[in-house]
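The values are calculated or read from the model by the stated rules, or taken from the named source; none is laboratory data. This is a predicted model, so every value here is computed, not measured. Cβ placement follows ideal geometry from the backbone for every residue including glycine, while neighbour counts extend to all protein chains displayed.
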Amino acid sequence: MNQNLKGKKVAILVADGFEQSEFDKPRQALIEAGATVTVVSPVEDQVTAWDGNANDFGDAFDVDQSLDSANADDFDALLLPGGVKNPDTLRTLPKAVNFARDFFEAGKPVAAICHGPWLLVEADVVRDRKVTSYKSIKTDLKNAGAIWSDSAVVTDQGLVTSRQPDDIPQFIDKMIEEFAEGVHAGQHA
């Protein structure tokens, strides 16, 4: 597996309420693999995580770029952490939906964990794609035409999905592999 992401630019799209472990651990792995990571958000200055272990809000993280000024052309890959509130907010924002869809239209890899694929339902990019997610959004994904399975990680032509925080180690491995491979011909909107 190619663990070298030197020169790769990765956007992490989040709103308040993202699952902290699904953000922090993958972000650290991306940095350690050499990627330049940019936190993109509709929230200004700092965005606040949800800490599922504490069942309360977690840490605040600096926002590197506003969603309003973000362009998928400036990045090589996209990471979508879960948490319930985060993707539920993002899927109501046309700019967030379009930002995610633009990665698919360009064939760029996307990794989404837990509730993160909810945004992909709204972006209409999961039809006929193999995915997994947190169990509570399984029906949403199936109704959007996805082929859902209860697996720790599912990879389909540059799209990497996982179910929950327990799957983070497998998720990170496949995310880094797909991000290192770059553009995928089968990745499409």
Residue ranges of strands (runs of 3 or more DSSP E) in the range 7-60 with at least 1 members basic (Lys, Arg) and out of contact with any His (no Cβ under 9 Å at 6 or more places or on another chain): 9-13
Residues in the range 168-182: is at least one assigned to a loop (DSSP other than H, G, I, E, B) and modelled with pLDDT of 95 or more? no
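Restricting to the range 1-22, name every residue that is within 11 Å of the chain's Cα centre (by Cα) and at pLDDT below 95.
Taking the range 1-22 as the starting set, the residues that turn out to be within 11 Å of the chain's Cα centre (by Cα) are 10-14, 18, 22.
Result: no residue meets the conditions.
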What tally of residues in the range 70-89 results from selecting those that are touching a Leu at 6+ places or on another chain (Cβ under 7 Å) and within 17 Å of Tyr134 (Cα to Cα)? 2
Taking Ala106 as the residue in question, decide whether it is under 14 Å from Ile12 (Cα atoms) and surrounded by fewer than 22 Cβ atoms within 10 Å (Cβ to Cβ). no
Residues of the range 23-76 being modelled with pLDDT of 95 or more, exposed (fewer than 14 other Cβ atoms within 10 Å of the Cβ) and among the aliphatic types (A, V, I, L, M), which ones? Ile31, Ala60
Apart from one, (1) out of contact with any Lys or Arg (no Cβ under 8 Å at 6 or more places or on another chain); (2) buried (at least 24 other Cβ atoms within 10 Å of the Cβ) all hold for Leu93; the odd one out is (2)
Can Gly116 be described as modelled with pLDDT of 95 or more and on the phi > 0 side of the Ramachandran plot? no
Whether any residue in the range 136-159 is more than 18 Å from Glu181 (Cβ to Cβ), among the β-branched types (Val, Ile, Thr) and within 16 Å of the chain's Cα centre (by Cα) is what I want to check. yes
